[in-house]
Structures are given as structure tokens and as C-alpha cells.
Amino acid sequence: MEKRRSWAEPFRIKVVEPIRMTTAEERERAIAEAGYNSFLLRSEDVYIDLLTDSGTSAMSDHQWAALMVGDEAYAGSRSFYRLVEAVEEVYGYQELVPTHQGRGAEHILSQILIEPGDVIPGNMYFTTTRFHQEYAGGRFVDVIVDEAHDPSSLYPFKGNFDLDKLQAVIDEHGAARIPYISFETNVNMAGGQPASMANLRATYELCRQHDILMILDATRALENAYYIQQREEGYADRSIAEILREICSYSDGATVSSKKDNLVNIGGFLALRDLDLATRARNLLVAFEGLQTYGGMSGRDMEALATGIREMVSTDDHVRARVGQVEYLGDLLIEAGIPVVRPIGGHGVFLDARAILPHLTQDLFPAQALTAALYVDGGVRGMERGIVSAGRDHETGEHHYPKLELVRLAIPRRVYTQAHMDVVAESIITVHEQRDRIGGLRFTYEPDELRFFQARFEPIPT
Ligand SMILES: *Cc1c(COP(=O)(O)O)cnc(C)c1O
């Protein structure tokens, strides 16, 4: 490949959406009204929205055009068959079960495979994935490599399964109690960290030896493919499309939230190889999501999704610019000495709140407090990924105490410019200089499940 000067975007801007500037006083009021929870802010009060890269991508002209040709037939929609073809071509799975988003696929998968008392090993947890495993009566066990829990480790594949840990879980519980393993690509909660192809292959082999299914959470498999191309021996000259197909070849199926890699604002799917399993999934689908040829999506959604799936691998420049922009922001922060999770991950920059606010113990919610302080300073909205997100142990009622206490600044795809990234870095550096002034928070409302979405807090008086 020809060497180019930078990661600059392989597109130009055709439509713009104005955003509102606010004053510090307005933002102080807004965050108090939102109970110091960035999920409860109104987006109108946000300048640069890095809450999530989920469903916030800018669609291309081809995707917008595809909406117009969506087939809204209740059964047998043409757009469904276009989606089936795209998923088979790009991911390599024959059986497609369309859902309204990733958690719809996780729900169906968990219900068809998990019996009460089962154990599901995975590489770090994801909030909705673990919820559905537990909701079906299973228990999630983390078997990610130790490096994933160390924000300063520069290990290139922090998303890897630790095969000794996996073997120990199999020895302890027996393969019959493990309906599948849940292998997440580019592990979200670890900071967008990839697994290596060698690890995917070895994990799949171990699963086959024990007759355990390997299901990918392939939501961020595209970004994982990019890291394999950049970091793993033997892949530098392989295309992203080829690498993605190989990743999926080491699995029996996948759940995907299409709101990430796939460049649409809503959608998702469960993809499988086995027709019997897919039939069981479709039987539940018709009860919980919709008929098997639309699941939770409209015809136009499926049309835009099929186009997005092809587009994301049509040139390697797309993912290169996507990850390049994230790394650009990360490098600005590293140069300024801000503690961040390293290496910089695929979809965002993760601030190490524990290192930034050593004066706050974890039960004073340092990442939640830092997220609120960042919003007040510059109108930048991030998300807590620490003790609040980790929730409580259902048996003991205690908080889970995750090793990582992070503020995630997720970068939407194709939405913000390099100048926006400069503004974000300036604001973080300012807040970091004044970090001694940031105090702890306490709950005023704590939901039982997935508490981070709707929880409310107040500052602890000093
Ligand atoms: C976003 C996400 C999900 C859940 O998908 P939704 O579309 O939000 O329901 C699952 N796994 C990973 C890795 C994700 O990033």
C-alpha cells in the first residue's frame, strides 16, 4: 500500500447540523438538574457529545439514498434479503436473525442457550450482555488476560482470553454447564482493546475440544480487524475485509449491535451457522422483536444497514481514519500528561479517574464526578465506566468494585472534526489542572438494574 501522510478522512461533508454553545452557568444548572448523570442531560445542552459512539454515526449519501428504497413489506421484505446477503458476504454467517439493536440479539441468544445455573465465560463483561446472561439464570465469569485490568500496560492485545483461566472454569464447572463462551471483539469496557487472531483461533479450538459453542460479540469486530492488521505478524498485507472474515470464521455465531461498526443509527442482529439454533431463535424473535424477516427494524433500516455493512469494509481507509481520529485525541492527552488507558483503544479515549482523583475512594464515584466536571468546564459529555456501571452483586448487595474506574469519551464515526478534538483536549487539560477541587458524589436514586442509565446523585457537602 502507498504510504500516505496522515489518517485524514476519506470523505467530505455534504450536510451540517448546527450545535448550540452554552455558558458555564447554564451547564452547572443543567448537570444539577440531571442528577450529575450525563445520561440524563438533554443533548441540546451539550456542545461536543462523546457520551457514546452508539447510533451516533453520520450516514453516507448512499445510506440516505438506501432509506428511500426500503421495502416495508411485513413478510419477506426485499431489504431483509439484501441484509442477509451483506451479512453473509462480510461476516460469513448464513443464518440472520434481525433485532432492534444489540441487546435484542443478546436477549434471544441468552434465552435459547442458557439454563439456570449455567456459567458463561467471557473477556470482561459488557453491561447489557451480562444482564441478559443473568436474566436467563446464568452467571458470567471473567477470563480476560490480567493486562486488561491494568490501564498502564502497553500489551497490544488486552482483549485476549486467558486460556488458563478458561480451562480452569471448564475444569471447575464441567463443559456441560457452559452453553457457550462470549468472546467480545475490541473489548468495550477494557477501553476498546483488541484480541489477536492467534488468541481467537486458540480459544475456538479449545471450545471445540470441549463441545462448547463460541459466540462472538462482533459489535466492534471491524476495529479489532484494524488492530490485527496493524499489530499482528502476517496480517499487514491482508485487507480489513479478509481479516474480518477470518475473525468470524473462529466462531459459531455472533451478536452485533449495528449502532457501532455498521454505521447506522439503530439496528442489530444475531447471526448463526446452525439452522436448528436459528430456528429456535426465530421462534422467540416473533414474540419479542418482530417477524423473522424484520425483527426489530423497518425495511428502510435494514436497507441502510446492508449498505453500511458493505461500506465499512469497502476501503481500509474508513477504519484507518476512524481509529486515527481517536488516536489523535489520545496522543494530545498523553503528551499533556493526562492519565489515560493505554494503548489508546478503537472507539474512544478512557480517562483513568482513579489516577486523576486519588483523593476520592471508589465508593465516592470518582469517574462519575469527573464526567460531571468535564461537562461543566466545556460542554463535553462523556460517560462513567467504573463502579456505577459495574452495579451490585445480586447475592451480597455490595457494589462490584471494578479495577478500572474510567471516564469514557467515545468518538462518533464521521461526525466531529480535528478542531473539535482539539477543544476536547483543551477542556480535559483545564479540568486536570483543577482536579483537587472535584469532590465525591452520593446516590439520591439508585435503580436495581443497569443503574448507570437512570441513577441520580448529589455532591457530598465538604
Ligand atoms: C453497544 C454494545 C452492545 C449493546 O448493543 P445495543 O445496541 O446498545 O443494545 C453490546 N456489546 C458491545 C460490545 C457494545 O458495544
Revision key, fill the gap. Rounded to whole angstrom, the alpha-carbon centroid of region 352-374 lies from that of region 143-197 at a distance of 26
Practice item. Please give, to one decimal in nm, the separation of the simple spin-label points placed at E88 and Q434, each 7 Å out from Cα toward the Cβ. Key: 5.8
Check your understanding: Counting pairs of alpha carbon atoms under 8 Å apart in space and at least six apart in sequence, what relative contact order in percent does region 62-313 give?
Key -> 32
Check your understanding: Taking K165 as the anchor, which aspartates and glutamates have their alpha carbon closer than 12 Å to its alpha carbon, excluding any fewer than eight residues away along the same chain?
Key -> D142, D146
**Study point:** Restricting region 96-173 to trypsin sites (Lys or Arg not before Pro) in coil, as DSSP defines it, with at most 11 other Cβ within 10 Å
**Key:** none
Check your understanding: For region 295-430, what D do you get in µm² per second when you plug the Kirkwood radius from alpha-carbon pairs into Stokes-Einstein at 37 °C and 0.692 mPa s?
Key -> 196
Exercise for review: Would you mind pulling out the separation of the Cα centroids of region 267-283 and region 203-237, in Å?
Suggested key: 21
Revision key, fill the gap. In the neighbourhood of R27 defined by beta carbon distances under 9 Å, the net charge of the other residues (Lys, Arg +1; Asp, Glu -1) is -4
Revision key, fill the gap. Pseudo-spin-label distance D448 to Q209, built 7 Å along Cα→Cβ, given in nm, is 4.2
Review point. Please state the relative contact order of region 363-462 as a whole percent: Cα pairs under 8 Å, 6+ residues apart?
Key: 30
Revision key, fill the gap. Residues whose modelled amide H sits under 5 Å from the amide H of G348, counting only those 5 or more places away in sequence or on another chain, are I411
Practice item. May I ask for the distance between the Cα centers of region 386-460 and region 57-103, given as a whole number of Å? Key: 34
Review point. Can you give the translational diffusion coefficient of region 62-313 in µm²/s, computed by Stokes-Einstein from the Kirkwood radius over Cα pairs at 37 °C and 0.692 mPa s?
Key: 181
Revision key, fill the gap. Per residue, the convex hull enclosing the alpha carbons of the chain has a volume in Å³ of 142
Study note, to complete from the structure: R78 neighbourhood, Cβ < 13 Å, K/R = +1, D/E = -1, net charge -2
Point to revise | Of the GluC sites (Glu not before Pro) in region 236-330, those whose Cβ has at most 11 other Cβ within 10 Å and which sit in DSSP loop | key: none
Check your understanding: Can you give the calculated 222 nm mean residue ellipticity of the chain, where each DSSP H run of n ≥ 4 adds -39,500 (n - 2.57) and the sum is split over every residue, rounded to the nearest 500 deg cm²/dmol?
Key -> -12000 deg cm²/dmol
**Study point:** Computed over the chain: relative contact order in percent, which uses C-alpha pairs under 8 Å that are six or more apart
**Key:** 23
Review point. Going toward the positive end of the dipole of the chain, with +1 on Lys and Arg Cβ and -1 on Asp and Glu Cβ, which of V326, A168, N123 do you reach last?
Key: V326
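Just so you know, all these numbers are worked out from the coordinates, no wet-lab data involved. Computed from a prediction, not measured in an experiment: that's the story for all the values here. Backbone-built Cβ (ideal geometry, glycine too); neighbour counts: all protein chains shown.
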